[in-house]
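Values quoted throughout were computed directly from the atomic coordinates according to the rules given, and no laboratory measurement underlies them. Fair warning: this is a prediction, and the values are worked out from it, not measured in the lab. As a convention, Cβ positions derive from the backbone with ideal geometry for all residues, glycine included, and neighbour counts pool all protein chains shown.
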Amino acid sequence: MGVVLAYTLAVALFCSFGNAQVTLVPAIITFGDSVVDVGNNDYIHTIFKANYPPYGRDFKNQEATGRFCNGKLATDITAENLGFTSYPPAYLSPQASGKNLLLGSNFASAGAGYDEHTSLLSHVIPLSQQLEYYKEYQGKLAKVAGSKKAASIIKDALYLVSAGSSDFIQNYYVNPFLNKAYTPDQYSSYLVSSFTSFVKSLYGLGARRIGVTSLPPLGCLPAARTIFGFHESGCVSRINTDAQQFNKKINSAATQLQKQLPDVKIVVFDVFKPLYDLVANPKKNGFTEATRGCCGTGTVETTSLLCNPKSYGTCTNASQYVFWDSVHPSQAANQILADSLIIQGISLIG
């Protein structure tokens, strides 16, 4: 974390609470896909799992928790930046009980999207079900904390939403029924409409501080280069253009929601630029490889079928790689993304 950012957060913590060990928000509640899933998919029947090596090899105790990374996710690092010493648990895990619920909870499911059909195709937890689990969580929280404290936690918690990548990479681009029926622009509009409905539902359940990630440069993901790049060198430009068009729409939708919903704060975190900068200029940021992931060949490995303990060619030092597998950033890249997120989201924790 940059010196200025670290100093700013330290001052905020000290001024607010003196020397007590505290957090800048009471809880973190997360919805979405594999970028933020901390293990919910471990408990459902799907091929989208990361609860086996080499996933988690640089995490605490070298534990494969279900995170699609060699170590920490950007949201884990964000939690640490906000003062948390442990992470809000995956809602379906045994850890999501008792006092652990006071930290918040994570409802994300790798493979989920704003399009319900994306989740159904991957046999994962759609956003609609994630919301239902959140309602359950509220009831459990009230029993643990009491209704008054629970209401305060719900109101002041930080809500994080990450979705959209699976809709394009695992559904739209490979689904002829979709890509023949809708242009990328039309599909983006459909997804943003779903995003708007989701945020309104979340708001109705008490959320007031909401951070949502933009799409990353999808055309720079190693899997996209392999599957859709053909003879194009570098990132797949048409896919990056689609991502940028989506990002414009979700920013516009967030602005409208901010006007429509009283007392809400919504920030769209720009993930596109910081990740694109890492891919375009890896050496500037201390990386040596940005075209393929560390796991196996690094070109197509994203699920248990391909990135596994027997994957041939897995790198020895993931910190030199921008990507861990063919879709997900390494912990080293997540550190840079998290530093960007905390700066962009300062209004959510003020």
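Compared with the dominant principal axis of the Cα atoms in the chain, helix 3-17 is inclined by about 20°. Exposure proxy shown here: for Thr75, Thr316, the number of other Cβ atoms within 10 Å sets the order, fewest to most, as Thr316, Thr75. Candidate cross-link partners of Lys72 among the lysines, defined by an alpha-carbon separation under 17 Å and a same-chain spacing of 8 or more, comprise Lys49, Lys60.
The residues Ser162, Ser128, Ser311, Ser233, when put in order of fewest to most other Cβ atoms within 10 Å, stand as Ser233, Ser128, Ser311, Ser162. Over all other residues within a Cβ to Cβ distance under 10 Å of Thr78, the charged ones net out to -2, with Lys and Arg as +1 and Asp and Glu as -1. Scalar couplings 3J(HN,Hα) for segment 249-259, obtained by applying the Karplus form with A = 6.51, B = -1.76, C = 1.60 to θ = phi - 60°, are 5, 6, 5, 5, 5, 5, 4, 5, 5, 4, 6 Hz; x denotes Gly and Pro.
Amide H to amide H distances under 5 Å link Phe269 with Val212, Thr213, Ser214, where only residues 5 or more positions off or on other chains count and H is placed in the peptide plane. Principal axis extents of the Cα atoms in segment 101-169, from largest to smallest and rounded to whole angstrom, are 42, 19, 14.
When peptides 166-173, 254-261 are sorted by average Cβ neighbour count within 10 Å, with the highest value leading, the order is 166-173, 254-261.
Amide H to amide H, with H built 1.01 Å from N, Leu160 comes under 5 Å of Ile29, Thr30, Phe31, Gly211, counting only residues 5 or more places away or on other chains.
For segment 156-310, the normalised intensity computed at q = 0.10, 0.19, 0.21 Å⁻¹ comes to -0.43, -1.19, -1.30 (log10 of I(q)/I(0), Debye sum over alpha carbons, equal scatterers, no solvent).
I need to check one value: relative contact order of the chain, counting alpha carbon pairs closer than 8 Å and at least 6 residues apart, in percent. About 18 percent, as a whole number.
Between the alpha-carbon centers of segment 42-73 and segment 97-135, tell me the distance in whole angstrom. Segment 42-73 and segment 97-135 have Cα centres spaced 17 Å from each other.
A simple rule links phi to the HN-Hα coupling: the Karplus curve 6.51 cos²θ - 1.76 cosθ + 1.60 with θ = phi - 60°, which for segment 149-159 gives 5, 4, 4, 5, 5, 4, 5, 9, 5, 9, 9 Hz, with x for Gly and Pro.
As a size descriptor, the averaged projected area of the C-alpha convex hull of segment 36-112 was calculated at 5.0 nm².
Once each of the GluC sites (Glu not before Pro) sitting in a DSSP loop with at most 16 other beta-carbon atoms within 10 Å is removed, the chain keeps 64-231 as its longest stretch.
Near Gly229, no amide H atom lies under 5 Å from its own; only residues 5 or more places off or on other chains count, and H is placed 1.01 Å from N.
Note on segment 107-241: Cα convex hull, mean projected area over all directions, 9.0 nm². Shown here is the pair-distance distribution of the chain: with all Cα-Cα distances grouped in 20 Å bins from zero up to the longest one, the shares run 32, 61, 8, 0 percent. Derived scalar couplings between HN and Hα for segment 167-176 equal 4, 7, 6, 9, 10, 4, 5, 10, 10, x Hz in order, rounded to whole Hz, by the Karplus curve 6.51 cos²θ - 1.76 cosθ + 1.60 (θ = phi - 60°), x for Gly and Pro.
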